[in-house]
């Protein structure tokens, strides 16, 4: 990892990296040595219902340094990248150590985000219904304007539905709205930007070991607590591993199968993160993950 003497305490620090690469350990080390507020940039760690399953900082971590925007959103609340940016904006009077693996959050923070009008609930409900039908994802992607369709991952249901809803509600494609992007909250010269990189096989082993540790620490109990309100269409239900544990709790698969599926899903998520970082964060400073780190993130 980057030595502390190479980190500028006079600027914000942004740390990106794939899941389980040890970036949260780096953030905590910096905060303890230099001061600063650790700010979550992981779209899964915002949910109050998932602490273990999303590998949020432990209570000991939170006691060692101030943290913000972890577990602060209730499951019945919709939350967007725009909401996250507004939350971060309220913290800019402090030196921030922003850490996470959600590329959309980090690029919006450093490159700006278009102010797209809110989508009416009726349009969102129609989008949910269309996506739930057989072949719904492909049809929604086909309905998008060409510029937007070329810019998003058309295999990602959340991204496709969002783009479809914006086009339906406003008559303008998401790409068109994004062309009117305002200045970023944190410009490149105002922050040191670090991208943690890791060997694929090393990271795969880390992911597997971490998920088994999560199971010992209560991940299944977290899923059981959310079972009565389970709805796979809700944002909070997209936590990696949650669908697999719920399937086990519903007696659809055995626990070893659920565990293996969750590990595979996490590895696939890490691959998607690396693709985003390579494509959109080429100007970030790469640092190799610390093989000795025991941090989960």
Query raised in the report: So how much slack lies between residue 205 and residue 93, counting 0.36 nm per residue of separation and subtracting their Cα-Cα distance, in nm?
Result: 36.4 nm
Query raised in the report: In nm, to one decimal, how far is the residue 11 label point from the residue 251 one, both placed 7 Å along Cα→Cβ?
Result: 5.9 nm
**Report entry** Label-point gap, in nm, between residue 64 and residue 224 - each point 7 angstrom along Cα→Cβ
**Finding:** 3.0 nm
**Report entry** Highest-MSF residue in the chain out of 133, 257, 58 [GNM, Cα springs under 10 Å]
**Finding:** 133
Report summary line: Pseudo-spin-label distance residue 74 to residue 179, built 7 Å along Cα→Cβ, given in nm, is 4.1 nm
**Report entry** Computed [θ] at 222 nm, deg cm²/dmol, the chain (DSSP H ≥ 4; -39,500 (n - 2.57); rounded to nearest 500)
**Finding:** -14500 deg cm²/dmol
Query - Read-out Cα extents along the principal axes in Å, derived from the coordinates shown; its label in (1) 120, 105, 35; (2) 52, 49, 32; (3) 56, 44, 41 - result: (2)
Query - Euclidean distance between Cα centres, segment 1-53 to segment 227-291, Å - result: 20 Å
Report summary line: Full extension between residue 233 and residue 152 adds, at 0.36 nm per residue less the Cα distance, a length in nm of 27.2 nm
Requested in this report: Go ahead and set up a Gaussian network model of the chain, Cα springs under 10 Å, then flag whichever of 130, 193, 95 fluctuates most.
Outcome: 130
Query raised in the report: Taking the chain as a Gaussian network, where each spring joins two C-alpha atoms under 10 Å apart, which residue of 119, 160, 73 fluctuates the most?
Result: 119
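Since every read-out is calculated from the coordinates, none of them should be taken as a lab result. Computed from a prediction, not measured in an experiment: that's the story for all the values here. Glycine gets a Cβ as well: all are built from the backbone with ideal geometry, and neighbour counts include every protein chain shown.
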